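One structure is given here, and the rest of the page talks about it.
The values are calculated or read from the model by the stated rules, or taken from the named source; none is laboratory data. Model, not experiment: these values are computed from the prediction. All Cβ positions, even for glycine, are placed from backbone atoms using ideal geometry, and neighbour counts span all protein chains on display. Heavy atoms of the whole protein, side chains included, go into the accessibility calculation; ligands, DNA and RNA do not. Shrake-Rupley method; radii C 1.70, N 1.55, O 1.52, S 1.80 Å.
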Amino acid sequence: MNVFGDLLKAYAEGNPNGLAVVYGAREITWSLLNERVNRLANSLYDLGIRKGDKGALMFHNCPEFVECACALQKIGAVPSPLNYRFVGKEIAFQVDHSDARVLFLEDAWLEEVKAAMPDMPKVEHYVVVGRGEEGMMAYEDLVEKGSPLEPAGEVQPDDVATLIYTGGTTGLPKGVITTYRHYMEHLDGLLAGLLVNLPTIRIPPVIFPVRGGRVVGKILGSKACNALIRYPPVSRFIAKSAP
């Protein structure tokens, strides 16, 4: 079982040509996203990154952030995102405190990371998107050379999914772990809340990331479906069915 990996694989198989990520002019399908994530995950495994190891991420909101987080999670490693406003001493604190073995970054923060490197002795691999320095690895090189096959490994619901640091408003930031089960329970709560309020909202036509998702989305977002949800006997049934 691979809690997150199996889910991404299912999306890639069920809706391979559906858009997973749109970033300006870049469009990444579910199939391509899963392939790139697999390649990066397998390259990380070849570097010795294993389940429970930490990977620090310093990116803008971009596709590489998604790919790195997903790749780490596919092999059971733990992504730990950094605030992209951090300067050298803040980078050094979080990366060292998290015990990160690999640091991913955009070259926009290259100088700050270089300043922090003497205080990050646990980092074994620096992976850069863009212009790097000698001794650092190019992000696309890792993606290109990795196997596109699903990486091996078991990831269970109670395994750690992320390590996120607090704002540190009353002192130094604190690392907070979340498990996959936490996210699953959060999703359960969101769905329960949606179910209770379903008769009061209008469902728009959406595209679900599964095979036939476009058709399903059109049906659910149709006037007929929305009218059915608001039909008193149906709305009362929905309310009673909610947890």
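Rolling a 1.4 angstrom probe over the protein heavy atoms with all chains in place gives the chain an accessible area of 54 Å² per residue. The DSSP beta bridges internal to the chain are antiparallel in roughly 35% of cases. Under 5 Å from the amide H of Val127 lie the amide H atoms of Leu103, Phe104, Leu105, Met137, each residue being 5 or more positions distant or on a separate chain, with H modelled from the backbone and absent for Pro and chain starts.
The Glu27 and Val216 beta-carbon pair, evaluated with R₀ = 30 Å, returns a calculated FRET efficiency of approximately 0.90. Between Lys223 and Leu190, the FRET efficiency from the beta-carbon distance, with R0 = 30 Å, is close to 0.75. Site pair Val234 and Asn83 shows an inter-label distance of 4.7 nm when each label is modelled 7 Å from Cα along Cα→Cβ.
What a 1.4 Å probe finds exposed on the chain is 60% carbon and sulfur by accessible area, rounded to a whole percent.
Based on DSSP H segments of at least four residues, each scored -39500 (n - 2.57), the chain has a per-residue ellipticity at 222 nm of -13500 deg cm²/dmol.
In units of the rule-of-thumb radius 2.2 N^0.38 Å, region 1-104 shows an alpha carbon radius of gyration of 1.12.
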